[in-house]
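Only one structure is covered here, and it is reproduced in the block below.
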Amino acid sequence: PTSIEDVSSLGIVVYPNPTQNIITIETRLEIEIELYDIMGRLLIEKENTKRLDLSNLSNGLYNLSIIYNDKRYNKQIIKQ
């Protein structure tokens, strides 16, 4: 993926944010998901998922990448 854009431009909704455990991704598109910690380490990688379980991760800031049509859309996620 080459460009980085805001996820809302695709009509994708990511909630709740901040979250305690589960992130829901509302979209009809076929997407790939990557979740990175603040140091840039890949923690979760999934295809065509609508829910991410963050319960095994520590509290903090994470970067969610949603990949669609070879474009990468980034969203910051806060886990409390």
_Per residue of the stretch 38-50, what does 6.51 cos²θ - 1.76 cosθ + 1.60 with θ = phi - 60° give for ³J(HN,Hα)? Whole Hz please, x for Gly and Pro, Karplus curve as stated._
5, 8, x, 7, 6, 9, 9, 9, 9, 10, 6, 10, 10
*With every protein chain present, what accessible area does Glu26 have (1.4 Å probe, heavy atoms only), rounded to the nearest 10 Å²?*
100 Å²
*With every protein chain kept in the model, how would you rank Lys46, Lys79 by accessible area, 1.4 Å probe, largest at the top?*
Lys46, Lys79
*Out of Asn69, Asn21, Asn59, any idea which swings most in a Gaussian network model of the chain, alpha carbons joined below 10 Å?*
Asn69
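Sorted by accessible area with a 1.4 angstrom probe, largest first, how do Leu29, Leu64 fall?
Order by accessible area, largest first: Leu29, Leu64.
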*For P(r) over Cα pairs in 10 Å bins from 0, in percent, which listed value, (1) 19, 51, 28, 3, 0; (2) 16, 29, 20, 15, 10, 7, 3, 0; (3) 19, 59, 22, 0, comes from the coordinates shown?*
(3)
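Work out how much length Tyr15 to Arg72 would gain on full extension: take 0.36 nm times their residue separation and subtract the Cα-Cα distance, in nm to one decimal.
Values: separation 57, 0.36 × 57 = 20.52 nm, distance 1.84 nm.
Additional length available on full extension: 18.7 nm.
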_Quick one: 3J(HN,Hα) in Hz for the stretch 53-59, Karplus 6.51/-1.76/1.60 with θ = phi - 60°, rounded, Gly and Pro as x._
9, 9, 4, 8, 9, 7, 5
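The values are calculated or read from the model by the stated rules, or taken from the named source; none is laboratory data. Quick caveat, the model's predicted, so the values are computed rather than measured. Accessible surface is based on the protein model in full, side chains and every heavy atom, while ligands, DNA and RNA are left aside. Shrake-Rupley method; radii C 1.70, N 1.55, O 1.52, S 1.80 Å.
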